[in-house]
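The structure appears below as structure tokens.
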Amino acid sequence: MTVQSDNADPKPSRTRRLGGRRIYEALKAQIGEGLYQPGAAMPSTRALATELGVARSTVTSAYEQLLAEGFLESRQGAPTRVAPLLPVPAEGAGSIRLRSRHRLSAYGERMKMLADWATPAAVGREPVIDFRYGDLSTADFPILLWKRALSAAASHRPDRLTYGRPEGSLRLRTALQGYLWRARGIRCDAEQIIIVSGSQQRLDLCARILLDPADRFVVENPCYQLARQAFAATGAVPVAVSAREDGLDTGLLAHTNARLAYVTPSHQFPLGGVMPVSRRRQLLAWGSATGAYVVEDNYDGEYRRHVSHY
Ligand SMILES: Cc1ncc(COP(=O)(O)O)c(C=O)c1O
């Protein structure tokens with residue numbers, strides 16, 4: 001939790017520093033803004049008091065006030081939680097909704113307009129059948145190997161805990177360089193590899209580095225919607241080019257006047273086909289001739305079919 005300190009305060013800080021009232025107000029605002037979700041466990045009063053550098057009783061009094069107003073709930077022996085149904089704030093002074101004249105950037109407004117594909121629609125009840133893809137069975141994840149690798153890595157104590165290179169550790173990138181050569185036949189320098197925290201971050205990076213507002217970009221139709229959104233969020237305009245099972249119809253690219261094409265040639269999403277080499281060459285030839293970027297999303301290239309014999 002962060003609570004602004006008041007540097008302009010002329011009084012000695014100890015008593016004025018963070019009164020229970022300010023902690024109460026900050027927590028109430030944060031609950032209202034969804035930082036603490038309904039039903040979520042609150043930090044213990046001891047932990048929060050240590051974090052804020054105040055007496056535990058100061059935090060306790062803020063919690064008591066929030067309990068009295070119905071924002072928090074507590075049960076003997078259980079952590080204090082945010083109430084599942086929050087009280088409606090009174091209009092005016094006590095309102096917890098952020099009401100301000102601040103406005104989002106054009107980018108922020110575009111993001112708001114884009115539908116939320118990642119989370120299931122709020123239909124008011126649990127769906128009977130969940131058609132979302134991408135939920136993997138935990139039974140298939142090599143959890144023990146993962147744990148072993150994590151603890152082996154953690155046991156190498158570095159000299160200092162400091163910031164690494166923004167593009168990722170050179171050791172990891174060099175290991176990946178070798179892997180890409182062995183597994184995919186890709187020859188590149190370690191400097192050409194960037195480590196990101198997930199597929200959406202890499203799409204967002206490509207989008208912001210390669211596109212300007214009003215540029216046109218090609219997406220396959222049908223395509224992976226979260227990629228389309230990452231590119232559209234820049235203000236660039238999507239041009240849907242039909243894809244068959246074996247990928248994008250490259251014959252249609254010439255008329256798109258696009259600056260970038262986002263493609264899934266190794267495993268078309270969602271149809272599942274593989275683009276033949278002749279059309280991959282056409283795609284690259286189009287990119288070279290027009291100066292357009294070709295962004296390949298090889299999203300499940302690591303999966304190999306395991307054949308079991310019974
Ligand atoms: C085309 C495509 N790209 C990226 C992803 C996401 O990959 P990750 O789970 O590695 O973020 C998916 C997930 O289904 C996908 O279909």
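The values are calculated or read from the model by the stated rules, or taken from the named source; none is laboratory data. Quick caveat: nothing in here was measured; it's all calculated off a predicted structure. Heavy atoms of the whole protein, side chains included, go into the accessibility calculation; ligands, DNA and RNA do not. Shrake-Rupley method; radii C 1.70, N 1.55, O 1.52, S 1.80 Å.
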**Item:** q = 0.16 Å⁻¹, the stretch 158-213: log10 I(q)/I(0) [Debye, one scatterer per Cα]
**Value:** -0.63
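Percent of accessible area on the stretch 117-228 owned by carbon and sulfur, 1.4 Å probe? Could you put the intermediate results ahead of the total?
Numbers: 5420 of 9270 Å².
The C+S portion of the solvent-accessible surface of the stretch 117-228 is 59 percent.
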**Prompt:** Counting only heavy atoms of protein chains, what accessible area per residue, in Å², does the stretch 199-296 have with a probe of 1.4 Å?
**Reply:** 47 Å²
**Message:** Using only the Cα atoms of the stretch 199-296, what are the Rg and Dmax in Å?
**Reply:** 12.2, 32
**Fill in**
The value for the stretch 24-90 (convex hull of the alpha-carbon atoms, volume per residue, Å³) is 83 Å³
